[in-house]
1. Post the alpha-carbon centroid distance, segment 182-221 to segment 54-75, in whole angstrom.
2. Can you compute the modelled spin-label distance between L49 and F127, with each label point 7 Å from Cα toward Cβ, in nm?
3. Taking a ≥ b ≥ c as the square roots of the Cα gyration tensor eigenvalues, with a/c under 1.5 meaning rounded and otherwise prolate when a/b beats b/c, else oblate, which class fits segment 127-207?
4. Which value, in nm² and rounded to one decimal, describes the direction-averaged projected area of the C-alpha convex hull of segment 37-219?
5. Relative contact order of segment 37-219, please, whole-number percent, based on alpha carbon pairs below 8 angstrom and at least 6 residues apart.
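Derivation of every value follows stated rules applied to the coordinates shown; laboratory data play no part. The structure displayed is predicted, hence computed values, not measured ones. Here the Cβ is made from the backbone with ideal geometry for all residues, glycine too, and neighbour counts use every protein chain on show.
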Amino acid sequence: MEKIESLKKQEIQTTLSTLNLSYKILVVLKLILGLCLLPFVYSSSVSFLNEFTVIDKDLQNYFWQGVITFLIFYLFIWQPNIIYLKGQRILEIIFSFFRPFIKIAPYLLPIYTIILFFLYMVLSLLFSNQYLINIFIFLFGFSIGLHLVFSARSIKAKQNDPLKTNYIFGFSLIYIINLGLLSFLFNFIFKDFSFVNFCNNSLQISRQMFNTIFQQLFLKK
């Protein structure tokens, strides 16, 4: 009887050791992937800003005013958790048919920005007014700021590893996808804004960065 219990304890310890090793390997892999995404974070930011400069200066200001307004609202007035959670719930309902995506969609997709885009496209067909785009570009900035801040906070709250691999990898991926999606939407709104240029420039800048890093690490004498 004692031998059986001893064998069971050994099996449990072996299983725990295997799980612990697998977890450590996963943590390291996430850290490596997260670090590999950082050049894309930089390149997508630069590419977006370069494309964004082609639109009217006043509209650029309205967008950044929307971002800044959200940050001031978030930091000093009220943190609209309920609004963010409602948006997550909408995405969970939309993707309820596809289980694997239901857990990540609320973090990846800025639902309010997407809703605003479709609302603007409909209203722009009915009304031709400069105030319309001014209002919506402000709301685009506000909504994308809301999504990025709360997504970052949600990931950080679930963080349980000392290397912060989930945060580095997760938020980098969210940030890149959100900038790409915003560029895609702006491509339909502004005739001079090019999603293709955004993608090409992002890839080119990141490729140059990887080449420089590789040369510094392995080819420098």
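1. Result: 24 Å between the Cα centres.
2. So the label points at L49 and F127 sit 3.3 nm apart.
3. Working: a/c = 5.01, a/b = 1.57, b/c = 3.20.
Taking the square roots of the gyration eigenvalues as a ≥ b ≥ c, segment 127-207 is oblate.
4. Numbers: hull surface 52.3 nm².
Averaged projected area of segment 37-219's Cα convex hull equals 13.1 nm².
5. Computed value for segment 37-219: 39 percent relative contact order.
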